[in-house]
Structure formats: structure tokens, C-alpha cells
1. Ranked highest first by average number of other Cβ atoms within 10 Å, how do 98-107, 52-61 line up?
2. Mind checking which of 128, 93, 76 is farthest towards the positive end of the range 47-173's charge dipole, using Cβ charges of +1 (Lys, Arg) and -1 (Asp, Glu) about the Cα centre?
3. Taking only Cα atoms, what is the 0 to 90° angle, nearest 10, from helix 79-89's long axis to the longest principal axis of the chain?
4. Taking only Cα atoms, what is the 0 to 90° angle, nearest 10, from helix 200-211's long axis to the longest principal axis of the chain?
5. What is the diffusion coefficient of the range 51-105 in µm²/s, taking the Kirkwood radius over Cα pairs and the Stokes-Einstein relation at 10 °C with a viscosity of 1.306 mPa s?
6. Where the accessible area of the chain is counted over protein heavy atoms with a 1.4 Å probe, how much of it, in %, is carbon and sulfur?
7. Taking the Cα centre of the range 1-71 as the origin, how large is its charge dipole in debye, to the nearest 20, when only Lys and Arg (+1) and Asp and Glu (-1) carry charge on their Cβ atoms?
8. With n ≥ 4 as the cut-off for DSSP H runs, can you work out [θ] at 222 nm for the chain, using -39500 (n - 2.57) per run divided by the number of residues, rounded to the nearest 500?
Amino acid sequence: MSDAAPDVLADAREAVVEYAPELARLTPGRTGNLSVRDGDRFAVTPTGVAYDAFDAGDVPVVDLDGERVAGRMKPSSEVPMHRHIYRGYGSDAIVHTHSPWATTMAVLHEELPPIHYMIVSVGKRVPVAEYAPYGTEELAANVVAAMEEANATASFIENHGLVVTADDVETALEHTTHVEDLSRLYLQSSAVGDPVELLESELDTAIEQFEGYGQDA
């Protein structure tokens, strides 16, 4: 497909190009993907391409039915997962990685408990979605089900990796880094003792504090 509509989701496509190097930092090789939504369409990283080897005109644009409507390159094989999450969450960005510590949790089929208050950036725990072949509707449904059951915006995927959704791509990448760091902390502390989880009341307090965090506009 030639890009007959170069202005379709121009800002979202530029954002995919801008933040692709951050994805490369988190996930090995050409694994993982990210997307940015605008309305009923989203721009997503192309499949099987190095993260520094495409420009905005290459970036595929896909609608929520899975049809590619712009972009010179084929979209990520995980389009079904992005579609299902956008339909279920109404968020505007998704990051999927095979980062080492989070993927270790995925291989262990072990959820991330609330061992540190930063977990509330994605919920009170990070669940584990049931395995299914990558790029399938079944896997997409499993991920959304796990996130909804845990009331979380992140999920490990058994023997696969991590997915995080947020209101914008910068936040999604930041939260992905939080989960990766907390996974490392949990696995390291588990190796020398029994990690102590925060109480529900302590998590609720952290959530309240986060609502007023940062600078006023």
C-alpha cells in the first residue's frame, strides 16, 4: 500500500517515530510494539523493522476493525491486542515489550504484588494473562480479561512479555519502566527473603497522593 493519505493521524505517526527509540531501550531486537490512538484509528509500529529504520510516512494507521488505512509498511502483528485494549479502555497509547525482568515474571506466570507504592501507576497489582499464540484474537481477549479482572492498566502475558496502556505514549512508556523496575525489585528481594506487600489502605493513600502529584498547570 502506498501512503495515499500522508496527513492521516500525522501527529500520532510522528509520535510513534519519536518514541520508538525508547521502545528499543526496553525490548530486545525488533520485538515489542507501541501505538498511539486518535479517535477510531491508531498509528502503530510496523512489523519486523528496526526502530530507527522507518519514518512517519511508513508508520501504519489501523482502524478499530483492524483495517490498515494509511502507511507504507505493514503494521505490528499484535494489532488485535491493541484494538481490543483501545475498545475496552478508551486510552490513547499502548506499549508492549519483552523487557527482561517483566518477561521473567511472565515466564514464571507470577503476578506482581504491591511491594512498592509506585505500582499504583498501573493498579494495585500486575496480573498475568493466559498464554495464546502472539497476534491472535484469543491472546488479545486474554490480556483485556486479565487487566479488567485486576482493575489494572498493565498485564504480563504468560511466556511472552508485558503490555501497558495509558492516556499518552510518554506516560505508557514511563509506566512500562515502572513495571520493569518493580519486577526486578520483586525478583531480587524474593531471592533473599519474603517481600512484604503494602496494605490496601496504604495503596489507597498512595493513589490519593498521586492525584495531586506534580506541578499545577
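1. Ranked from most to least packed, the peptides come out as 98-107, 52-61.
2. 128
3. That works out to roughly 60 degrees.
4. For helix 200-211, the angle is close to 40 degrees.
5. This corresponds to a translational diffusion coefficient of 124 µm²/s.
6. Result for the chain: 48 percent of the exposed heavy-atom area is carbon or sulfur.
7. 320
8. Value at 222 nm, helices only: -13000 deg cm²/dmol.
The values are calculated or read from the model by the stated rules, or taken from the named source; none is laboratory data. Note that the coordinates shown come from a computational prediction; the quantities given were computed from them, not determined experimentally. Reconstructed Cβ throughout: ideal geometry from the backbone, glycine too, with neighbour counts over all protein chains shown. With ligands, DNA and RNA removed, areas are computed over all heavy atoms of the protein, side chains included. Shrake-Rupley method; radii C 1.70, N 1.55, O 1.52, S 1.80 Å.
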